[in-house]
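The values are calculated or read from the model by the stated rules, or taken from the named source; none is laboratory data. Being a predicted model, the structure only gives us computed values, none of them experimental. Using ideal geometry, Cβ is built from the backbone for each residue, glycine included, and neighbour counts are taken over all protein chains shown.
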Amino acid sequence: MIEQLLQSLSHFLPETALTVAFCVAVITSLIARKNPGLVAVVALLGVFSALFFAVDQASVATTLFSGMVVVDPFAVFFKVIIGVAAVFVILFSLYCAEVQAVPRRMGEYFSLIVAMTLGMFLMVGAVNLLMMVLAIELTGLSSYVLAGYSKEAKDSSESSLKYVLYGAMSTGLMLYGISIFYGLTGAVDLAGINHALQAGNISRMALLAASVLVIAGFGYKISAVPFHFWTPDVYEGAPVTITAFLSVASKAAGFAMMIRFFTVAFIDPAASPVVSGTWVSLHGFEWNKILAVISVLTMTLGNLVAVWQENLKRLLAYSSIAHAGYMLMGVVILSDKGIAAVLIYFIVYLFMNLGAFYVVMIVANKTGSESLESYKGLGYRSPIVGVAMVIFLISLTGLPPTAGFIGKLYLFAALIDAQWLWLALVGALNSVISLYYYVRILRNIFLRDPVGDRSRIVFSTTEIVLLFALLVPTLLFGIYFGPIAEFANASLVIVGIP
């Protein structure tokens with residue numbers, strides 16, 4: 001027992017590093033209240049340590065703690081995405097006016113970012129339904145507090161309360177679904193559920209009901225329709241740094257958990273050919289068609305509602321919902337190509353989406369506004385930031401030569417290869433719709449005169465360096481995308497999949 005525990009702990013180093021960093025950050029915040037920058041340094045060191053240990057596990061494929069958690073290349077991939085996002089968000093926070101306005105709470109702020117990162121690391125490796133819920137709750141409790149960090153803002157407390165209510169509801173639905181799964185299969189681990197589904201005659205109606213309830217929990221984390229209602233309000237009311245973190249890292253953790261759940265629990269290992277990379281669902285249970293409907297609803301609603309938004313943070317919230325719909329297209333294919341396309345999309349989405357939110361943050365610092373009107377003449381007042389924002393928006397649309405084009409290219413290629421032509425057509429039409437509201441921002445930046453103050457906006461060297469750290473990969477991966485494709489394909493090893 002002790003030997004097994006020690007062996008599990010030896011592969012649990014990324015999570016251990018984050019746990020230690022959280023404890024040290026809390027103690028540091030108590031000791032050095034007047035110097036919250038020290039807590040930021042502790043948080044950065046903790047996340048960098050976790051990233052180092054995670055990358056070191058890239059070739060490991062094993063289960064830990066009696067099958068509660070796994071370490072495999074698939075989990076490592078998402079840990080890298082989440083860790084890199086956490087590093088950028090911590091750095092953003094050092095220049096965010098919303099965060100800096102309340103220095104007495106900055107220690108708790110950075111500590112909770114570490115706790116939230118820890119919860120997401122556990123989410124991507126969880127293979128037990130109860131462990132999944134615990135990881136979601138750890139992530140959720142931290143994010144509820146962070147969403148309401150700017151208590152002085154009129155919409156901050158409201159957004160945090162809505163987040164808590166929707167989170168509690170989705171967790172309750174998910175737990176009810178888990179109880180049905182346990183009643184049907186006698187297991188809460190994904191491998192046990194798979195074996196039970198292979199061996200026995202399971203009521204398809206009960207299986208469908210349980211799956212829909214569990215999907216509600218996943219849909220809440222990835223902001224999929226109809227579980228998206230919290231997203232616009234929380235994104236608008238939370239500090240822009242937390243909004244950026246939720247839009248990338250939380251979505252990545254939710255997708256990782258959902259993909260692992262369906263592929264490990266519902267894929268027939270006997271009927272799924274290893275060579276072709278195409279999977280077959282157990283007993284013909286076509287759960288992927290449920291996700292296909294959710295994908296269409298998510299991308300369509302996200303894009304259509306974004307057209308009417310005047311607040312840029314809220315507009316990007318609906319854009320984030322639409323991108324969740326795009327990524328769901330890769331999951332419904334039931335193939336290695338589809339999942340690889342989702343992974344590639346997440347790499348490019350990390351840089352282009354964080355970049356767009358970063359521009360919103362630094363412009364809001366200078367202008368005091370997140371409205372679309374405040375971007376009029378930005379190309380004249382700050383050419384570098386204006387051009388960078390346009391590149392991020394072009395990438396979010398999916399146009400060459402940016403990384404966003406490569407992400408969508410792999411997605412649509414996988415859809416066409418799997419004969420999901422109608423879904424590819426819906427995705428293409430939605431990309432055209434998204435072009436409209438992104439062009440509205442571009443028009444204000446370069447084709448409209450500044451309103452009121454026409455003076456140049458000057459940003460610090462560090463702010464520009466951070467901007468280029470996101471801008472360069474957005475352009476580079478649009479031209480030289482071989483390494484990210486190789487990384488994604490090498491990360492398709494999921495423990496439990498033949």
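Identify the residue in the stretch 119-147 that is among the β-branched types (Val, Ile, Thr) and in a helix (DSSP H, G or I) and, among all such residues, is nearest to residue 173 (Cα to Cα).
Top of the filtered list is 133.
Just checking, does the stretch 68-87 include any residue being modelled with pLDDT under 85, at negative phi and not in a helix (DSSP H, G or I)?
no
Of everything in the stretch 392-407, what is surrounded by 22 or more Cβ atoms within 10 Å (Cβ to Cβ) and either free of Cβ contacts under 8 Å to residues at least 40 places away in the same chain or not hydroxyl-bearing (Ser, Thr, Tyr) (or both)? Give them in sequence order.
392, 393, 394, 396, 398, 403, 404, 406, 407
Residues of the stretch 380-434 being closer than 22 Å to residue 296 by Cα and either among the acidic types (Asp, Glu) or in a loop (DSSP other than H, G, I, E, B) (or both), which ones?
398, 399, 417, 418, 419, 420
Read through the list (1) buried (at least 20 other Cβ atoms within 10 Å of the Cβ); (2) of a type in the set (Gly, Ala, Ser); (3) within 29 Å of residue 90 (Cβ to Cβ), then give the number of the only condition that residue 485 fails.
Here residue 485 clears every test but (1).
I'd like to check something: does the stretch 14-25 contain any residue that is part of a helix (DSSP H, G or I) and farther than 25 Å from residue 68 by Cβ?
yes
Quick one: would you say residue 348 is buried (at least 18 other Cβ atoms within 10 Å of the Cβ) and more than 20 Å from residue 252 (Cα to Cα)?
no
All but one of (1) in contact with a Leu (Cβ under 8 Å, 6 or more places away or on another chain); (2) of a type in the set (Val, Ile, Thr); (3) surrounded by fewer than 19 Cβ atoms within 10 Å (Cβ to Cβ) hold for residue 215, so report the exception by its number.
(3)
Within the stretch 94-114, is even one residue part of a helix (DSSP H, G or I), without any contact (Cβ under 8 Å) to a residue 24 or more places away in the chain, surrounded by fewer than 23 Cβ atoms within 10 Å (Cβ to Cβ) and not aromatic (Phe, Trp, Tyr)?
Checked the stretch 94-114: at least one residue is part of a helix (DSSP H, G or I), without any contact (Cβ under 8 Å) to a residue 24 or more places away in the chain, surrounded by fewer than 23 Cβ atoms within 10 Å (Cβ to Cβ) and not aromatic (Phe, Trp, Tyr).
A quick yes/no check of all residues on (1) under 22 Å from residue 135 (Cα atoms); (2) in contact with an Asp or Glu (Cβ under 8 Å, 6 or more places away or on another chain); (3) crowded, with 17+ Cβ neighbours inside 10 Å; (4) aliphatic (A, V, I, L, M):
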residue: 2; (1), (2), (3), (4): no, no, no, yes
residue: 12; (1), (2), (3), (4): yes, no, yes, no
residue: 28; (1), (2), (3), (4): no, no, yes, no
residue: 60; (1), (2), (3), (4): yes, yes, no, yes
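Say we look at the stretch 449-486 and pick out the residues that are in a helix (DSSP H, G or I) and acidic (Asp, Glu); which of these is farthest from residue 342 (Cα to Cα)?
Looking at residues that are in a helix (DSSP H, G or I) and acidic (Asp, Glu), I get 463.
Looking at residue 218 and the list (1) at pLDDT 85 or above; (2) more than 17 Å from residue 260 (Cβ to Cβ); (3) among the aromatic types (Phe, Trp, Tyr), which single condition is not satisfied?
Unmet condition: (2).
Here are 235, 220, 176, 163: which of them is among the hydroxyl-bearing types (Ser, Thr, Tyr), surrounded by fewer than 20 Cβ atoms within 10 Å (Cβ to Cβ) and in contact (Cβ under 8 Å) with a residue 24 or more places away in the chain?
Just one listed residue meets the conditions, 176.
Give all pairs with beta carbons closer than 8 Å in which a residue from the stretch 430-443 that is over 18 Å from residue 324 (Cβ atoms) and touching a residue at least 60 places away in the same chain (Cβ under 8 Å) meets a residue that is assigned to a helix (DSSP H, G or I) and not small (Gly, Ala, Ser); count only pairs at least 6 apart in sequence or on separate chains.
440/372; 441/312; 441/315; 441/372; 441/375; 441/389; 441/393
Which residue is farthest from residue 250 (Cα to Cα), if the candidates are limited to the stretch 285-321 and must be assigned to a loop (DSSP other than H, G, I, E, B) and out of contact with any helix residue (DSSP H, G or I) (no Cβ under 6 Å at 6 or more places or on another chain)?
285
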